[in-house]
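Enquirer: Structure incoming, see below.
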Amino acid sequence: MHNKTIREILDDLASGEYSSREITSALLTRIKNLDPALNSFISLTEDQALAAAEAADALRSQGNARGLCGVPVAHKDIFCTKGVRTSAGSKMLDNFIAPYDATLVRHLAESGAVCLGKTNMDEFAMGSSNETSFYGPVKNPWDTERVPGGSSGGSAAAVAARLVPGATATDTGGSIRQPASLCGVTGLKPTYGRVSRYGMIAFASSLDQAGPIARTAEDCALLLESMAGFDAMDSTCIDKEVPNYSASLADSIRGLRIGLPKQYFNGDINAEVGTLIDNALEELKNAGATLVEVDLPHAELAIPTYYVVAPAECSTNLSRYDGVRYGYRCDDPRDLTDLYTRSRSEAFGDEVKRRILVGTYVLSAGFYDAYYRQAQKVRRLIQQDYITAFDKADLIASPTALSTAFKFGEKSANPIEMYQEDLYTIPANMAGLPAMSMPCGLIGGLPIGMQFVGRQFEEARMLNAAHQYQMRTDWHTLSPSVYGSAK
Ligand code: GLN
């Protein structure tokens, strides 16, 4: 059962092959047996899951099944889940039991999905390797000496290891796509504003967006259909009809223009990654797409700009963790200043502290214009590059990550090197555009992903192209040997 995609599970539940309760308890057992070696879950919600599965089975037997009725999923531990610890991977929120459900959690529950638990992540979603989690790093199921990527490494690893068929995640600078690439799964960051962020713990509010990680583009489409939609509780969430993403998956991609940014395809791409991307593009050409060169002249400024904007916004967002209202509080504070200082010093990890310091600096009087305002201007240029490029192309393709999964410790000593990981992913966040990663090959037994970036609210076009690619290739069906095979 664990090898089934969401589409297959829905078909099996409909035909009565097995019940939601059966697959839910089978996956919970699998998680208990296999996850100690991976650490992809922070919390399991076994009782709630079994109750939700039984409720889904009852709905189905009454002929009222719709949406994702009975399908097991997991939530990144950044989404508030009522009555369940919601830690954001931090000691700061280790004792935080959310008093309400994030809108996305509610949407999935209303569509009948069954939440098995909460997945591990980099602390407050800051990181590219899952090494900053208070709960310890997640291991990559393809090679447990390597990182799963981050910050949504728990969601990506859990899907790759067939512990759950789909999971929610968030992406501020690449945290859905980069772990999807490193774990050999498919992940989609929707357009900024497509999915409500109410109840999603904030990192950098002008960049954060929630999206799905699953095995296939088809499953991402099914998840997104339930996740997306207007929410009056999030003022950045757009009131725009949610398309039926699944309906257009089978469309032909004849005539689709795929743009290749000359700044990326200039010989700098790692040679082995480049070969796999070329093969994938060839396959898309066989399916009727045409390739065109596009220009993203400010792409190289995306990382430095991001590392002004994201820390600035994080320093503001994380000021709410003061040891007073909720979260960690130090023992025996001497006075109020000591309470603030020690609570924050003791509960935040090094990377979070680094970002708060940088962010406070770039926002301070005297530096605001030189850094934050300047970064916003550069951001506008990056966005403008895409608007121009999308005159010539319908989608833009590139690798998702620089290379396959790296070893633990390899980049953690040097933050600048770690920040480079998001070279290909950050520009889409800067421009608010939808983007996704899908598996397109293996190098030395480790997966690699290809990225698509689309026009605003054109998730359907990306999913269609990715699905057509996945109909012609089987990279997305491969699983790490210990966790795959036997149905
Ligand atoms: N790796 C990037 C960072 O550390 C992006 C993280 C994310 O998308 N949440 O900020």
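Enquirer: Limited to segment 413-423, what total is found for residues that are within 12 Å of the ligand (Cβ to nearest atom) and assigned to a loop (DSSP other than H, G, I, E, B)?
Expert: Of the residues in that region, 3 qualify.
Enquirer: Right, something else. Examine segment 294-312 for a residue that is more than 16 Å from the ligand (Cβ to nearest atom), in a helix (DSSP H, G or I) and surrounded by fewer than 15 Cβ atoms within 10 Å (Cβ to Cβ), and state whether such a residue exists.
Expert: The answer is yes, given that some residue of segment 294-312 is more than 16 Å from the ligand (Cβ to nearest atom), in a helix (DSSP H, G or I) and surrounded by fewer than 15 Cβ atoms within 10 Å (Cβ to Cβ).
Enquirer: Another question about this same structure. For segment 183-192, indicate whether the set of residues that are away from the ligand (no atom under 12 Å from the Cβ) and under 16 Å from P137 (Cα atoms) is non-empty. So that I can check it myself, show each step before the final result.
Expert: To start, the set of residues in segment 183-192 that are away from the ligand (no atom under 12 Å from the Cβ) comprises 183-186, 188, 190-192.
Those left that are additionally under 16 Å from P137 (Cα atoms): 183.
Looking for residues that are away from the ligand (no atom under 12 Å from the Cβ) and under 16 Å from P137 (Cα atoms), one finds at least one in segment 183-192, hence yes.
Enquirer: What number goes with the only condition from (1) surrounded by 15 or more Cβ atoms within 10 Å (Cβ to Cβ); (2) free of Cβ contacts under 8 Å to residues at least 24 places away in the same chain that E282 does not pass?
Expert: So the condition that E282 fails would be (1).
Enquirer: State which residue is nearest to L423 (Cα to Cα) when the search covers only segment 272-289 and only residues that are under 26 Å from the mean Cα position of the chain (by Cα) and of a type in the set (A, V, I, L, M).
Expert: Applying the first criterion (under 26 Å from the mean Cα position of the chain (by Cα)) to segment 272-289 yields 272-281, 283-284.
In the following step, the residues that additionally are of a type in the set (A, V, I, L, M) were identified as 273, 276-277, 280-281, 284.
Numbers: V273: 14, L276: 18, I277: 16, A280: 20, L281: 20, L284: 24 Å.
So, considering only residues that are under 26 Å from the mean Cα position of the chain (by Cα) and of a type in the set (A, V, I, L, M), the one nearest to L423 (Cα to Cα) is V273.
Enquirer: If you don't mind, there's one more thing I want to ask. Could you grab me the full set of residues in segment 137-164 that are part of a loop (DSSP other than H, G, I, E, B), over 11 Å from the mean Cα position of the chain (by Cα) and closer than 19 Å to S437 by Cα? If you could, list the steps in order and put the result at the bottom.
Expert: The first filter runs over segment 137-164 and keeps only residues part of a loop (DSSP other than H, G, I, E, B), leaving 137-139, 141-142, 144-145, 147-152, 161-164.
So of that shortlist, the ones also over 11 Å from the mean Cα position of the chain (by Cα) come out as 137-139, 141-142, 144-145, 147-148, 161-164.
Once the filter is applied, which keeps residues that are part of a loop (DSSP other than H, G, I, E, B), over 11 Å from the mean Cα position of the chain (by Cα) and closer than 19 Å to S437 by Cα, segment 137-164 yields P141, W142, V147, P148, A161, R162, V164.
Enquirer: Which members of segment 316-346 meet the condition of being within 16 Å of the ligand (Cβ to nearest atom) and surrounded by 21 or more Cβ atoms within 10 Å (Cβ to Cβ)?
Expert: Residues of segment 316-346 that are within 16 Å of the ligand (Cβ to nearest atom), as a first pass: 316-318.
Scanning segment 316-346 gives a single hit, L318.
Enquirer: Now, a different point. Could you say which residue among L478, L423, L395 is open to solvent by 20 Å² or more (accessible area, probe 1.4 Å), under 25 Å from D278 (Cβ atoms) and over 19 Å from the mean Cα position of the chain (by Cα)?
Expert: Working: L423 fails: over 19 Å from the mean Cα position of the chain (by Cα); L395 fails: open to solvent by 20 Å² or more (accessible area, probe 1.4 Å).
Of L478, L423, L395, the one residue that is open to solvent by 20 Å² or more (accessible area, probe 1.4 Å), under 25 Å from D278 (Cβ atoms) and over 19 Å from the mean Cα position of the chain (by Cα) is L478.
Enquirer: Something else about it: Conditions: (1) under 21 Å from V105 (Cα atoms); (2) in a loop (DSSP other than H, G, I, E, B); (3) within 13 Å of the ligand (Cβ to nearest atom); (4) not aliphatic (A, V, I, L, M). Y198 meets all but one. Number of the miss?
Expert: Evaluating Y198 over (1) under 21 Å from V105 (Cα atoms); (2) in a loop (DSSP other than H, G, I, E, B); (3) within 13 Å of the ligand (Cβ to nearest atom); (4) not aliphatic (A, V, I, L, M) leaves (3) as the failure.
Enquirer: From S175, S133, which residue is near the ligand (Cβ under 10 Å from one of its atoms) and assigned to a loop (DSSP other than H, G, I, E, B)?
Expert: On the way: S133 fails: near the ligand (Cβ under 10 Å from one of its atoms).
That would be S175, the only listed residue that is near the ligand (Cβ under 10 Å from one of its atoms) and assigned to a loop (DSSP other than H, G, I, E, B).
Enquirer: Sticking with this one: Which residues, taken from segment 398-410, are in a loop (DSSP other than H, G, I, E, B) and either open to solvent by 20 Å² or more (accessible area, probe 1.4 Å) or more than 12 Å from the ligand (Cβ to nearest atom) (or both)?
Expert: Step one: list which residues in segment 398-410 are in a loop (DSSP other than H, G, I, E, B), which gives 400-406, 408-410.
Result: T400, L402, S403, T404, A405, F406, F408, G409, E410.
Enquirer: Let me ask something else. Kindly indicate the residue of segment 136-166 that is open to solvent by 10 Å² or more (accessible area, probe 1.4 Å) and within 21 Å of S403 (Cβ to Cβ) and also nearest to the ligand (Cβ to nearest atom) among those meeting that condition. Please lay out each step first, then the result.
Expert: Initially, segment 136-166 is screened for residues open to solvent by 10 Å² or more (accessible area, probe 1.4 Å), giving 136-137, 139, 142-146.
Filter once more, keeping what is within 21 Å of S403 (Cβ to Cβ): 137, 139, 142-146.
On the way: P137: 14, K139: 18, W142: 20, D143: 20, T144: 21, E145: 21, R146: 16 Å.
Ranking the qualifying residues of segment 136-166, first place goes to P137.
Enquirer: Is it the case that A232 is within 23 Å of S111 (Cα to Cα) and modelled with pLDDT of 95 or more? Break it down into steps so the answer makes sense when it comes.
Expert: Details: within 23 Å of S111 (Cα to Cα): yes; modelled with pLDDT of 95 or more: yes.
Here the answer is yes, as A232 does meet what is asked.
Enquirer: Next up: Are any of the residues in segment 46-55 assigned to a loop (DSSP other than H, G, I, E, B), touching a strand residue (DSSP E or B) at 6+ places or on another chain (Cβ under 9 Å) and among the polar types (S, T, N, Q)?
Expert: Residues of segment 46-55 that are assigned to a loop (DSSP other than H, G, I, E, B), as a first pass: none.
There is no residue in segment 46-55 that is assigned to a loop (DSSP other than H, G, I, E, B), touching a strand residue (DSSP E or B) at 6+ places or on another chain (Cβ under 9 Å) and among the polar types (S, T, N, Q).
Enquirer: Sticking with this structure for a sec: From the list G327, G359, G366, pick out the single residue that is of a type outside the set (S, T, Y) and in a helix (DSSP H, G or I). I'd like the intermediate steps shown before the answer.
Expert: Working: G327 fails: in a helix (DSSP H, G or I); G366 fails: in a helix (DSSP H, G or I).
Checking each option against the conditions leaves just G359.
Enquirer: Across segment 108-130, which residue is nearest to the ligand (Cβ to nearest atom) among those that are among the polar types (S, T, N, Q) and part of a loop (DSSP other than H, G, I, E, B)?
Expert: S128
Enquirer: Listed residues A204, A232, A247, A210; which is within 16 Å of the ligand (Cβ to nearest atom) and more than 18 Å from A167 (Cα to Cα)? Let's see the steps before the verdict.
Expert: Values: A232 fails: within 16 Å of the ligand (Cβ to nearest atom); A247 fails: within 16 Å of the ligand (Cβ to nearest atom); A210 fails: more than 18 Å from A167 (Cα to Cα).
Selected residue: A204, the only one of A204, A232, A247, A210 that is within 16 Å of the ligand (Cβ to nearest atom) and more than 18 Å from A167 (Cα to Cα).
The values are calculated or read from the model by the stated rules, or taken from the named source; none is laboratory data. This is a predicted model, so every value here is computed, not measured. Neighbour counts run over all protein chains shown; Cβ positions are idealised from the backbone, glycine included. With ligands, DNA and RNA removed, areas are computed over all heavy atoms of the protein, side chains included. Shrake-Rupley method; radii C 1.70, N 1.55, O 1.52, S 1.80 Å.
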